[in-house]
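To start, the structure under review is shown below, and the notes come after it.
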Amino acid sequence: SSSATPSLAPSAHTLRRSYGSESTPERKVAVLGAAGGIGQPLSLLMKLNPLVSRLSLYDIAGTPELRPMSATSTPVTGYASEEQLGLALEGSDVVIIPAGVPRKPGMTRDDLFNINAGIVKSLCTAIAKFCPHAIVNMISNPVNSTVPIAAEVFKKAGTYDEKKLFGVTTLDVLRAKTFYAGKAGSIPAATNVPVVGGHAGITILPLFSQATPASNLSTEDITALTKRTQDGGTEVVEAKAGKGSATLSMAYAGAIFADACLKGLNGVPDIVECSFVQSSVTELPFFASKVRLGKNGVEEVLGLGPLSDYEKEGLENLKPELRASIEKGIKFAREN
Ligand code: NAD
Ligand code: LMR
């Protein structure tokens, strides 16, 4: 067979080289849970990202679907057993974690805790061992608890760097933007809405008072947009009727967030995304807000900005639930 057949189409790898000159750093990205509903399309999107020079795909279910991707020039390697997890992680700059079970109708994200907490804990134990300086993008639910679990695991291992741990809440921002643009008549791609708090139900707090472009939506409209953003995940879970939760939109959101992390690492200025991070913006130890990304991960956790009375009320209402979810994660990691 002719393994030396030259590729005719320019690959993402060639593009990366031609954009970046000598100064584009080599970046390895690992996806844990790469064979799943999110993992597959997310891996494909990461493969197309010119900032990625090596892609490592790990899943205990094996990664046969992903094998065809290794036929193109960004080196892609699939790893399918726990013994290979170290190889999958070694040298990673960014580790994206969509491993774990998704919701079925009638479940809350917290109902996934019993299964996903253990998965996240074991994956983070391996990250601490094999790539302790990597940036971690946590997608597995309940994000409000899995991020604190990761932090505890890293603390125990002595590798915790609060600047490198991110709960991915980009999908909440995409939903808020899309729903707002539909109502305000703005162009979605030119619309922005910060979303703060956490990633479950009422802990998801879109700040429509800070939306750009601004508009004069009624209180009823703002209330309806807020609820739709908070229930966006549940809407998909119900529509899929037992076949899981958002996958393609999450892959897109995850690719946007990982790209922002890579740009930050590479020194691109003014990269700001909302994310659930260690925070002193409120009295809670973890909180989602706008974050400026840089060469070390979090460069600056930005404040909430001016809130409407409705948002101030939402903020107070979400704190008990968010605190409980954070504490549940910490307790699990300490006791297990
Ligand atoms: P899925 O079941 O389709 O895929 C999950 C994959 O994880 C499977 O391939 C499974 O084999 C793998 N996996 C399980 N345990 C593993 C382990 N120990 N190591 C490596 N891989 C392992 O589920 P999905 O639809 O891709 O969703 C994955 C997770 O993402 C769920 O917890 C879901 O709730 C969450 N999610 C989060 C967001 C968000 O906004 N943060 C959005 C959508 C879904
Ligand atoms: C989402 O927001 O779509 C995810 O968190 C998945 C879910 O369970 O809703």
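The values are calculated or read from the model by the stated rules, or taken from the named source; none is laboratory data. Predicted model, so just to flag it, every value in this text is computed and none were measured. Positions of Cβ are backbone-derived with ideal geometry, glycine not excepted, and every protein chain shown enters the neighbour counts.
The residues in region 38-57 that are closer than 15 Å to ALA253 by Cβ and buried (at least 24 other Cβ atoms within 10 Å of the Cβ) can be counted, and the count is 5. Quick check on this structure: which one of VAL281, VAL277 is out of contact with any helix residue (DSSP H, G or I) (no Cβ under 9 Å at 6 or more places or on another chain) and at pLDDT 95 or above? Testing whether each residue is out of contact with any helix residue (DSSP H, G or I) (no Cβ under 9 Å at 6 or more places or on another chain) and at pLDDT 95 or above leaves just VAL281.
The sole residue among VAL237, VAL277 that is of a type in the set (A, V, I, L, M) and in a strand (DSSP E or B) is VAL277.
Cβ separations smaller than 7 Å between residues 6+ apart or across chains give the following pairs from region 324-336 residues that are within 14 Å of ASP111 (Cα to Cα) to residues that are of a type in the set (Ser, Thr, Tyr): SER325/SER145; LYS328/SER145; GLY329/SER145; GLY329/THR146.
Within region 158-194, the set of residues being within 16 Å of ligand 2 (Cβ to nearest atom) and over 16 Å from ILE271 (Cα atoms) comprises GLY167, LEU171, ASP172, LEU174, ARG175, ALA176, LYS177, THR178, PHE179.
The selection criterion, being among the hydrophobic types (A, V, I, L, M, F, W, C) and within 10 Å of ligand 2 (Cβ to nearest atom), holds for ILE204.
Selection within region 31-54: residues that are among the small types (Gly, Ala, Ser), under 28 Å from GLY242 (Cβ atoms) and assigned to a loop (DSSP other than H, G, I, E, B). The member of this set that is nearest to ligand 2 (Cβ to nearest atom) is GLY37.
Based on what the data block shows, is ALA61 modelled with pLDDT under 95 and either among the small types (Gly, Ala, Ser) or under 17 Å from the mean Cα position of the chain (by Cα) (or both)?
yes
Only residues that are free of Cβ contacts under 8 Å to residues at least 60 places away in the same chain, away from ligand 2 (no atom under 16 Å from the Cβ) and part of a loop (DSSP other than H, G, I, E, B) were counted in region 207-234, giving 7.
The residue of region 243-280 that is farthest from ligand 1 (Cβ to nearest atom), among those that are farther than 16 Å from LEU51 by Cβ and in contact with a Lys or Arg (Cβ under 7 Å, 6 or more places away or on another chain), is VAL272. Any residue at all in region 76-89 that's modelled with pLDDT under 90 and of a type in the set (D, E, K, R)? Among the residues of region 76-89, not one is modelled with pLDDT under 90 and of a type in the set (D, E, K, R), which makes the answer no. Take the conditions (1) within 13 Å of ligand 1 (Cβ to nearest atom); (2) touching a helix residue (DSSP H, G or I) at 6+ places or on another chain (Cβ under 8 Å); LYS240 misses just one of them, which is (2). Would a scan of region 170-192 turn up a residue that is over 15 Å from the mean Cα position of the chain (by Cα), under 16 Å from VAL136 (Cα atoms) and of a type outside the set (Lys, Arg)? No: zero hits. Within region 242-270, can you find the residues that are of a type in the set (A, V, I, L, M, F, W, C), within 18 Å of GLY297 (Cα to Cα) and not in a helix (DSSP H, G or I)? Correct list: VAL268 only.
Scanning region 237-262 for residues that are buried (at least 20 other Cβ atoms within 10 Å of the Cβ), within 12 Å of ligand 2 (Cβ to nearest atom) and of a type outside the set (S, T, N, Q) yields VAL237, ALA246, MET250, ALA251, ALA253, GLY254.
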